[in-house]
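Working notes, beginning with the structure itself.
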Amino acid sequence: MENKSLSKSIILSLSILFGLLLLGFFIFKGLKTFSDKDRVVTVKGLAEMNMTATSATINLSFSISGDNLQEIIKRSEIKKNAIVAYLTANGYNKSEIKINNIGINDLQRYYQSEWRNSQQVQVKVDRYTIIQSLTIQSKDVKATEDKTAQIKLDLVSKDLTSTITTNYTFPELNSIKPQLIAESTKNARVAGEQFANDSQAQLGKIKTASQGQITIAGSYYEPEGGETSQKPQEPYLQKARVVSTIVFFLE
């Protein structure tokens with residue numbers, strides 16, 4: 001009986017000891033996990049990508065003013081036809097040239113008051129102004145600026161002076177957004193791994209991530225705050241830029 005009681009006591013003691021060891025192990029793991037949660041590193045990842053315009057247009061406009069509406073409409077029509085003739089003679093198809101409806105501005109008066117030499121005087125003005133515009137599709141976006149400059153010079157020499165500007169269409173930002181964000185995350189991880197190596201630790205999982213605002217830099221866009229690398233000088237290029245902030249666990 002005594003041996004049997006002693007065996008039971010030994011088994012009970014071993015069970016209690018094993019339970020205490022197991023409890024201590026889990027407490028240790030819990031404290032270590034809790035401690036590791038405070039070991040984090042915050043890094044930023046930069047990604048930039050150039051976007052090339054998918055199409056380009058040349059916008060051409062001119063205005064003619066006078067008091068006789070029918071006369072200036074006729075003059076406008078003559079000038080428009082002369083410009084279209086020049087364009088078609090220089091390789092532009094009529095399908096590439098869009099002629100917009102004319103705009104008519106009527107002041108409904110022939111004189112207006114102005115201050116001259118401290119006196120208010122009546123000055124003659126043209127009552128009507130005709131505004132005509134054309135849009136030309138450009139096949140080669142990279143050559144659009146050169147073509148625009150040549151058109152402007154040629155029209156001046158032909159007494160067909162007009163206001164000429166260019167406009168470019170770029171890919172939708174959503175088409176490159178996933179690639180841009182993936183690149184910024186990759187660069188952030190590289191920075192985090194460098195920090196972890198210097199700290200004799202290992203980079204763990206992502207704790208939190210914050211995607212910065214995607215900014216566009218180019219001839220027609222300026223990013224807010226001026227935080228960007230050198231913007232493209234070519235008008236048919238834009239640079240998309242994003243900086244992501246990521247917090248990693250350190251193990």
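Side notes on the structure shown:
- Efficiency of FRET between residue 158 and residue 213 - r from beta-carbon atoms, R0 45 angstrom, step 0.05: 0.40
- Full-stretch length increase - residue 125, residue 200 - with 0.36 nm per residue and alpha-carbon distance subtracted: 18.9 nm
- Highest mean first, the peptides 78-90, 94-106 sorted by other C-beta atoms within 10 Å per residue fall in the order 78-90, 94-106.
- Relative contact order (%) - criterion: Cα under 8 Å, at least six apart; region: segment 55-169: 45
- Fraction of the pair-distance distribution of segment 55-169 above 23 Å, Cα-Cα pairs, percent: 41
Laboratory data are not the source of any read-out in this text; all were calculated from the coordinates shown. On a predicted model such as this, the values are computed, not experimentally measured, just so you know. We place every Cβ from the backbone using ideal geometry, glycine too, and count neighbours over all the protein chains shown.
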